[in-house]
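Here's the structure, in structure tokens; my notes come after.
The values are calculated or read from the model by the stated rules, or taken from the named source; none is laboratory data. The model shown is predicted, which means the values in this text are computed figures rather than measured ones. Backbone-built Cβ (ideal geometry, glycine too); neighbour counts: all protein chains shown. Note: accessible area is taken over every heavy atom of the protein model, side chains too, but ligands, DNA and RNA are not part of it. Shrake-Rupley method; radii C 1.70, N 1.55, O 1.52, S 1.80 Å.
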Amino acid sequence: MKKTSAQGLHTLFLQSTGVSIDTRTIHPGDIFFALVAERDGHEYVKKALDAGASYCVVSKSVRGLDTEQKSRLIRVNDTMQTLRYLAQYHRQQFTGPVIAIAGSNGKTTTKELVSAVLRKKYNVTATESNNNNSLGVSLTLLQINLNTTQIAVVEIGSNHSGELAPLCEIVQPTHGIVTSIGKEHLEGFGDVQGVIDEESVLYEYLVKSDGTAFIPSNLPVAVKKRAGKNTREISATGKQVKITTIHSVVPVLDFDVEFLLTKEIKTIRFKTYFSGSVNIQNILSACVIGVEFGVPVSSIQKAVCNYKPTNFRADVRTWQGHTLILDCYNANPTSMELTLSDMRLVTGPKVLILGGMREMGEHEFAEHKKLLNLIQTTNPTRVILIGPEFSRLGKVIAKKGWNWYTDSDIARESLSTMKFPKKSLILAKGSYGNSVWKVFGLEYKNHY
């Protein structure tokens, strides 16, 4: 067993094949970090060494090892903290741009689109799936190849005050965007002002580090003021990139974008696989960032229009002869309001299958009561609600003639006997915890 400095551990890391926190996916030559979480990673150290781990980072003694295996242990006080330090040190060795993406809604979609656009010109390392907490951010940074990576795109998330500041210190972004401000994680933030204060931390960091901030036009003024002067506007009526015509919003997003380039003006049609006006801002963000980094307009268009949403984020598909919009990875009052606003544009039969919104804290009852009123304004053909968050509203729901189920498994059984009008548009949306996708017999796959 040995001790080593951050620099010494980084040298070993560069000689390794990467880091691992899971013996099920470990590769020979990886450095295994025995993290202590729901399961104690120290219980898997011998398995990691037997699988070919070059070293194991531990914070306590491990039994059952031979002398040679013990020589491959690195003792530290805190394995998670050491992983963060290693990621931060590795980031400091990288000289390319690092783009951080924060915000209430649209982080993962924006990250995916920005990465797809930049990959048309650069070698990009980006956050996989939505792994935007301290662990996910650290593992993302350690994916950066100092010889080949040209740009890093890192999603950073927060569900309580004080979480983004240390993430910014680890990521040390040169560029950043706050995608939106909404009623997210109110249980942790208290109110929208708490969200504003937390999400603004990214812009405040960029001001201190002389970085570049991309500013969506729909952000509150209080957030924009904290972004300093080195900013780029993202707006449907922007000076450099703007929308000229919207052909459709649902079931698929289709619109024209005008690019004001140095020597010419180009108008390009973006017929996408996305649904919903909320994604207009996400696409414009990718366009503006693409232009900032010199990606040709034709390449930007191909990247955006060829991108197919994954993991049930504004994912449009066919189900039993109906058009199904799967947007059920996450939901909060702001995203629900925007999505239901789009549903008012639908003139044919429409079915709303909505899961409850999690992490609302003391606002849960009031926000779900408001949600029922919003649903009513869409003039739905049928409404199916899922989740315990609606439990106090059962009588109101029944009076409206809607269906409510405590979980998606029960809802699925009932759905199998329901008949919808031909060629209905079905919206499925809700917080991850209510797993609305199960209603359709689907499984969520985290690719991280």
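Taken about its Cα centre, the stretch 295-408 carries a charge dipole of about 400 debye when Lys and Arg each add +1 at the Cβ and Asp and Glu each add -1 at the Cβ. Would you be so kind as to identify which of Gly228, Asn282, Phe13 lies farthest towards the positive end of the dipole of the chain, taking Lys and Arg as +1 and Asp and Glu as -1 on Cβ and the Cα centre as origin? Positive-end residue among those listed: Asn282. Over the stretch 225-280, the ratio between the Cα radius of gyration and 2.2 N^0.38 Å evaluates to 1.31. Dipole orientation for the chain: of the candidates Met80, Ser435, Cys168, Ser435 has the Cα lying most toward the positive pole (charges on Cβ; Lys, Arg +1; Asp, Glu -1). Taking 27 Å as the limit for the C-alpha separation, the pairs Lys107/Lys239; Lys239/Lys302; Lys121/Lys208; Lys395/Lys419; Lys120/Lys239; Lys60/Lys208 exceed it in the case of Lys121/Lys208; Lys60/Lys208. Here is the result for the stretch 197-230: no chymotrypsin sites (Phe, Trp or Tyr not before Pro) lie in DSSP coil with at most 10 other C-beta atoms within 10 angstrom of their C-beta.
Evaluated at q = 0.14, 0.27 Å⁻¹, the base-10 log of the normalised Debye intensity for the stretch 294-350, with identical point scatterers placed on the Cα atoms, takes the values -0.57, -1.11.
For a straight C-alpha distance cut-off of 13 angstrom, the aspartates and glutamates reachable from Lys46 (same-chain residues fewer than eight places away being disregarded) are Asp22, Asp66, Glu68.
Of the three principal axes defined by the Cα atoms of the stretch 123-281, the extents in descending order read 44, 41, 34 Å. By the Stokes-Einstein formula, at 0.692 mPa s and 37 °C, the chain with its Kirkwood radius over alpha-carbon pairs has D equal to 139 µm²/s. This model, with +1 at the C-beta of Lys and Arg and -1 at the C-beta of Asp and Glu, gives the chain a dipole about its Cα centre of some 980 debye. Each DSSP beta bridge with both residues in the chain is either parallel or antiparallel, and the antiparallel ones are about 30%. Working from label points 7 Å from Cα in the Cα-to-Cβ sense, the Ala37 to Thr11 distance is 3.1 nm.
Cα centroids of the stretch 362-434 and the stretch 20-74: 47 Å apart. Sparse packing (at most 16 other Cβ atoms within 10 Å of the Cβ) combined with a DSSP loop state is found for the following trypsin sites (Lys or Arg not before Pro) in the stretch 1-71: Lys3, Arg24, Arg39, Lys60, Arg63.
Of all accessible surface on the stretch 290-412 at a 1.4 Å probe, what whole percent is carbon and sulfur?
Numbers: 2630 of 5520 Å².
For the stretch 290-412, the apolar C and S fraction of the accessible surface comes to 48 percent.
Its relative contact order, with pairs defined as Cα atoms under 8 Å and 6+ residues apart, puts the stretch 299-427 at 30 percent.
A run of the chain free of exposed loop cleavage sites, with GluC sites (Glu not before Pro) counted only in DSSP states other than H, G, I, E and B and at most 10 other beta carbons within 10 Å, reaches its longest extent at 39-263.
A helix-only calculation puts the chain at -9500 deg cm²/dmol for mean residue ellipticity at 222 nm, using -39500 (n - 2.57) for each DSSP H run of at least four residues, averaged over all residues. Leaving out ligands, DNA and RNA, and with a 1.4 Å probe, what % of the accessible surface on the stretch 87-217 is carbon or sulfur? Carbon and sulfur together cover 42 percent of it.
Considering only Leu415, Leu164, Leu354, the Gaussian network model of the chain with Cα springs below 10 Å gives its largest mean-square fluctuation to Leu415. In straight-distance terms, cross-link reach from Lys266 covers every one of the aspartates and glutamates whose alpha-carbon lies under 12 Å from its own, apart from those fewer than eight places away in the same chain; here that gives Asp256, Glu258.
Comparing Lys120, Lys263, Lys350 in a Gaussian network model of the chain, where Cα atoms under 10 Å apart are tied by springs, the biggest mean-square fluctuation is seen for Lys263. Dividing the Cα radius of gyration of the stretch 372-448 by its Kirkwood radius returns 0.97 for Rg/Rh.
Of the options Thr378, Thr417, Ala314, report the single residue whose Cα projects farthest towards the positive end of the charge dipole of the stretch 283-439 (beta-carbon charges: Lys, Arg +1; Asp, Glu -1). Value: Thr417. Just so you know, the Cα atoms of the stretch 144-230 work out to an Rg and Dmax of 13.4, 44 Å. Entry comment: accessible area of the chain is 45 Å² per residue, from protein heavy atoms only and a probe of 1.4 Å. Its Cα centre serving as origin, the stretch 8-84 has a Cβ charge dipole (Lys and Arg +1, Asp and Glu -1) of approximately 120 debye. Specify the angular offset, from 0 to 90 degrees and rounded to the nearest 10, of the alpha carbon long axis of helix 107-118 from the longest principal axis of the alpha carbons in the chain. Once rounded, one gets 70 degrees.
Relative contact order of the chain, please, whole-number percent, based on alpha carbon pairs below 8 angstrom and at least 6 residues apart. Kindly include the intermediate steps, with their values, before the conclusion.
Numbers: 935 pairs, mean separation 50.7, N = 448.
It rounds to 11 percent for the chain.
Residues considered: Thr110, Thr267, Thr140. Largest GNM mean-square fluctuation over the chain, using C-alpha springs under 10 Å, is found at Thr267.
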